[in-house]
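Here is the structure we will look at, set down as structure tokens.
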Amino acid sequence: MNNGAVVKLVDVHKTYRTGEMEVRAVRGVSLEIVRGEFVALMGASGSGKSTLMNILGCLDRPTAGQYFLDAADVSKLDRDQLADIRNSKIGFVFQNFNLLPRTSARENVELPLLYGPQRLTNPELRAKADAVLASVGLSGREEHYPSQLSGGQQQRVAIARALINGPEVILADEPTGNLDSHTSIEIMGTFQQLNERGITVVMVTHEPEIAAYAKRNVVMRDGQVLSDSVVAGRRNAADEVKTDGAGSNGVVK
């Protein structure tokens, strides 16, 4: 977009109807996220942040309003078009990792490539997956299965899988929710490093201490944006991780 926004919501509403009941989950949200930002989307349960994240991820469509992703209006796309957008322009990272348990780290990372338009040979798939795994500190663990990896390592595999297609935006839904505090800092360090490389990150979290790693906090309440502010005193994960030993994911820092 001309103003640098990779995500733009214009008066977006989302209403769910069950019988005679109507739930207004999102109520007139307008929001822009500039390429290269790291935004934390916050709010209590029922605030509308998860619904908004589903709209951003093209997993749901707004009832009214417009959603532009990389200058394209995706508000009215059909199911197949939305699936193409999700695979090519959005990378997802979930709280529960969502890795295939009987599949190696490399094969988990390769999976989105198999659904893309580009047909790669097995050596090309392997090389691309290994390069992305290396970029998140998992060299040497390409053939490990999820059960052989720590929680932090599994989340790094999930991040590598989200990166494999070179998405415009990484959407992370409570990415530290199942991790201990030390591993959470390591994972936030990974997101900060990716963001420093110019990758746009949008993260849902209910934890203020995790949101403090982002550059910008958008707080929702009752389906509307309550506040939108730059993070003052932003936390730097690199400063918080010990520099003279191995972290909980086994990667020497």
- Item | Added length on full extension, which subtracts the Cα-Cα distance from 0.36 nm per residue, HIS206 to HIS144 | 19.2 nm
- How large is the convex hull of the Cα atoms of the range 36-91 per residue, expressed in Å³ as a whole number? 100 Å³
- Report the relative contact order of the range 132-253, percent, no decimals, based on alpha-carbon pairs under 8 angstrom and at least 6 residues apart. 25 percent
- Note on the structure: In degrees, nearest 10, the alpha-carbon axis of helix 151-163 is tilted away from the dominant principal axis of the alpha carbons of the chain by 60 degrees
- Most positive-pole-ward Cα, GLY151, ALA214, SER181, against dipole of the chain from beta carbon charges: ALA214
- Task: Please give the helix 79-89 orientation as an angle from the longest Cα principal axis of the chain, in degrees from 0 to 90, rounded to the nearest 10.
- Result: 50 degrees
- Message: Suppose every Lys and Arg Cβ carries +1 and every Asp and Glu Cβ carries -1, with no other charges. What dipole size does the range 60-202 come out with about its Cα centre, to the nearest 20 debye?
- Response: 220 debye
- Message: Just to be sure I follow: if Rg is taken over the C-alpha atoms of the chain and Rh is the Kirkwood radius over the same atoms, what is Rg/Rh?
- Response: 0.97
- Charges only on Cβ, +1 for Lys and Arg, -1 for Asp and Glu: so what's the dipole of the chain about the Cα centre, in debye to the nearest 20? 180 debye
- Item | Tilt relative to the chain, helix 181-196 - C-alpha long axis, 0 to 90 degrees, to 10 | 80 degrees
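Read-outs throughout are calculated quantities, based only on the coordinates presented, and are distinct from any laboratory measurement. A quick note: this is a predicted structure, and the numbers were derived from the prediction, not measured. Positions of Cβ are backbone-derived with ideal geometry, glycine not excepted, and every protein chain shown enters the neighbour counts.
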